[in-house]
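Below is one structure, written out as structure tokens, with a few remarks after it.
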Amino acid sequence: MSHTTMNLNLKVWRQKNTKTAGAFQMYRVENISDEMSFLEMMDILNEQLITTGGEPVAFDHDCREGICGMCSMYINGKPHGPWQANTTCQLHMRAFKDNDTIVIEPWRANAFPVIKDLTVDRSAFDRIIQAGGYISVNTGNAVDGNSLPIEKSKADESFAAAMCIGCGACVAACKNSSAMLFLSAKVSHLALLPQGGPERKTRVTNMVAQLDKEGFGACTNTGACEAACPKEISIANIARLNKEYIVAGLTAE
Amino acid sequence: MTFKQMFTSSVGKKLVMGFTGIFLILFLIVHAGLNATIFANDGGLMFNKAGHFMGSNAVPRILEIGLFLGIFLHIYQGYLLTLENKSKRAVGYAVNYDKGSKWYSRSMAILGTLILLFLIAHIYHFWTPSRLGGMGGIKALGEVEHNGVILHNLYAEMDLVFTNPYIVVLYVLACGSLGYHLAHGFQSAFKTIGVHNKKYHAMLTSLGYGFAIFIPLLFASMPISFYFDWIK
Ligand code: HEM
Ligand code: SF4
Ligand code: FES
């Protein structure tokens, strides 16, 4: 494969802190290798800013291998950029062409306030998980996996839901700023397992209540979340969440 | 969880939309079925008899109250939901994400508003004269006699209303909005009320597209057929 380099125009959202209004700034980066990751390209931009006495662009990242969910960038009108089933850190510059202009925005939702530039506060997700995304009944010591009464297909579905890395792209993608895909993944992966059974009603009740308190919107099943999710969490989980909620509403005291 | 919580949380508001939406879908089946009797080509006799049954029998009259309540709830909750959801993103994007979803799934409130405007005209054209005709200066419908029973001639009223090309165009456009509203709404409503089984969901999605095409086309064919005098 031939190796190419490119020059790019970046239109980046700059915002000092939560309280002040932000604005776009134009930057030019040159000699970017197509083998670089998007975040490496951002590192070069920041080196450039530092050496010229500017303020580097703040952005979140941690693992840089697609598993932690920190790298929240809304690139050219899509969370995590143009590729499907992909995180920003795993996006590579071969997705772009020489002289492209790339628009980079933070996740936008009132429930995810901007801390600085492209960094947003996603602690709302932590509080939703704290409201019920765990098992607190005593399930005993680790048992032989084969002794658990669960079908393979259910276990697989649960695992697929547990793939959610809590990145928040679903909220960023949704016109309603709804966190329902995230919540449904968290509710589903426990609801599908025998260990999740005893607390399923209180879990869904408390997690939905917390979600509303955090100020996310309601789901209208547009499907944008599923299309943007780096882990391809299925929107069918949202229907399962709704069923869990109806059952809890009708039968819980 | 209290029932109040159940129907007023973010999931609960959607439950109201879903249940009223499915109720309206059922209503559309009855409405389209009854109206299709105009195609019997019997000078509207079967249609007027059906209209008489719906207007004089207690069960459809009670269901009619439910229908008005359902429409009101659906519209009220629909606007509330749309405005609330909009308010959750104070600072918008420079580039919107429109590739991940269908335009009509994002335009339910606009499509619904077009349906609502049509609905007002529609109620004024047919429901008002048929239910309230003769009261307080509202024009009464003509009447026909069949086997000693006096029937409202709703058929003649349709024939009359649909001589106006603007009204025909309005009705056909409304059918288009309804089609797109249903193309998203039909399958969405079942997701909302908790159908997550992939097999059923695939079936309902296909059925929904079929419904969203067939029912509006059937409705649209009525004003068109009257306008061009295709039915006798
Ligand atoms: C006969 C007429 C109508 C039918 C059959 C119908 C049907 C539906 C259905 C099935 C849904 C999906 C509910 C869900 O996803 O849970 C829906 C949603 C919606 N409808 Fe209607 N509707 C009608 C009229 C209207 C009108 C007049 C409005 C006026 C504003 C409206 C506004 C909305 C809105 C805003 C939504 C929410 C979008 C969503 O949750 O995805 N609808 N409708
Ligand atoms: S559901 Fe997908 S998009 Fe949403 S937080 Fe989880 S991994 Fe990210
Ligand atoms: S930095 Fe961890 S997923 Fe991107």
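Which whole-Hz couplings ³J(HN,Hα) result when phi for each residue of region B:207-221 is put into the Karplus expression 6.51 cos²θ - 1.76 cosθ + 1.60, θ = phi - 60°, listed in order with x for Gly and Pro?
Karplus-based 3J(HN,Hα) across region B:207-221 equals 4, x, 5, x, 4, 5, 8, 5, 5, x, 5, 4, 4, 5, 5 Hz.
How tilted is helix B:108-122 with respect to the longest principal axis of chain B? Cα atoms for both, answer in degrees (0 to 90, nearest 10).
The angle comes out near 20 degrees.
Which of the residues in region B:8-38 lose at least 20 Å² of accessible area when you go from the chain alone to all protein chains together (probe 1.4 Å)?
Checking the loss per residue gives B:9, B:10, B:11, B:14, B:15.
Which entries of A:154/B:4; A:186/B:198; A:175/B:88; A:11/B:86 have Cα-Cα distances beyond 21 Å here?
A:154/B:4; A:11/B:86
Could you tell me how far the Cα centroid of region B:89-128 sits from the Cα centroid of region A:1-74, in Å?
Each part's Cα centre sits 38 Å from the other's.
Could you give the radius of gyration (one decimal) and Dmax (whole number) of the Cα atoms in region A:5-116, in Å?
13.5, 39
Roughly how many whole Å is it from the C-alpha centroid of region A:155-206 to that of region B:1-80?
Rounded to whole Å, the Cα centres lie 34 Å apart.
Going Cα to Cα from residue B:49, which aspartates and glutamates come in below 14 Å? Please leave out same-chain ones fewer than 8 positions away.
Counting by Cα, and skipping residues close in sequence, residue B:49 has these aspartates and glutamates nearby: B:143, B:145.
Of the candidates A:142, A:218, A:173, which one comes out as most mobile in a Gaussian network treatment of chain A with C-alpha springs shorter than 10 Å?
It is A:142.
Which order do A:182, B:118, A:159 take when ranked by solvent-accessible area (1.4 Å probe, heavy atoms of all protein chains), largest first?
A:159, B:118, A:182
Return the average number of partner chain Cβ atoms within 10 angstrom of each residue Cβ along peptide A:68-76.
1
Counting other Cβ atoms within 10 Å, which GluC sites (Glu not before Pro) in region A:150-225 have at most 14 and lie in a DSSP loop?
A:151
Quote the total accessible area buried by chains B and A together, excluding ligands, DNA and RNA, probe 1.4 Å, nearest 100 Å².
Summing both chains' loss of accessible area gives about 3700 Å².
Peptide B:101-109: average number of partner chain Cβ atoms within 10 Å per residue?
4
Note down the magnitude of the dipole of region A:5-116 about its Cα centre, charges +1 on Lys and Arg C-beta and -1 on Asp and Glu C-beta and zero elsewhere, to the nearest 20 debye.
560 debye
Any idea of the accessible area per residue across chain B, 1.4 Å probe, to the nearest Å²?
On a per-residue basis, 53 Å².
Using a 1.4 angstrom probe on heavy atoms only, work out the carbon and sulfur share of the accessible area of chain B in %.
72 percent
In whole Å, what are the Cα extents of chain B along the three principal axes, biggest one first?
So the three principal-axis extents are 62, 40, 40 Å.
Give, rounded to the nearest 20 debye, the magnitude of the charge dipole that the protein assembly as shown has about its Cα centre when Lys and Arg contribute +1 at Cβ and Asp and Glu contribute -1 at Cβ.
It works out to roughly 800 debye.
Which whole number gives the average count of other chain Cβ atoms within 10 Å of the Cβ atoms across peptide A:107-113?
Mean shielding count: 3.
Pull up the cross-link candidates among the aspartates and glutamates for residue B:14, meaning alpha carbon to alpha carbon under 19 Å and not fewer than 8 places away within one chain.
Of all the aspartates and glutamates, those that pass the test against residue B:14 - Cα under 19 Å, at least 8 places apart if same chain - are A:212, A:214, A:226, A:244, B:84.
Take every Cα pair under 8 Å in region A:5-116 that's 6+ residues apart, average their separations, divide by the length, and report that relative contact order as a whole percent.
Averaging sequence separation for qualifying contacts and normalising by length gives 34 percent for region A:5-116.
Using the Kirkwood formula on the Cα atoms of the protein assembly as shown, what hydrodynamic radius do you get, in angstrom to one decimal?
Evaluated on the protein assembly as shown, it is 25.7 Å.
Connecting C-alpha atoms closer than 10 Å in a GNM of chain A, tell me which of A:219, A:89, A:63 has the biggest fluctuation.
A:63
Quick one: accessible surface of residue B:98, probe radius 1.4 Å, all protein chains present, in square angstrom to the nearest 10.
Answer for residue B:98: close to 80 Å² accessible.
Taking every pair of Cα atoms in region A:114-253, average 1/r, invert it to obtain the Kirkwood radius, and report Rg/Rh to two decimals.
Result: Rg/Rh = 0.98.
The values are calculated or read from the model by the stated rules, or taken from the named source; none is laboratory data. Quick caveat, the model's predicted, so the values are computed rather than measured. A quick note on method: Cβ atoms are made from the backbone with ideal geometry, for glycine too, and the neighbour counts reach across all protein chains shown. Each accessible area value is taken on the protein alone, full model and side chains, heavy atoms only, with ligands, DNA and RNA left out. Shrake-Rupley method; radii C 1.70, N 1.55, O 1.52, S 1.80 Å.
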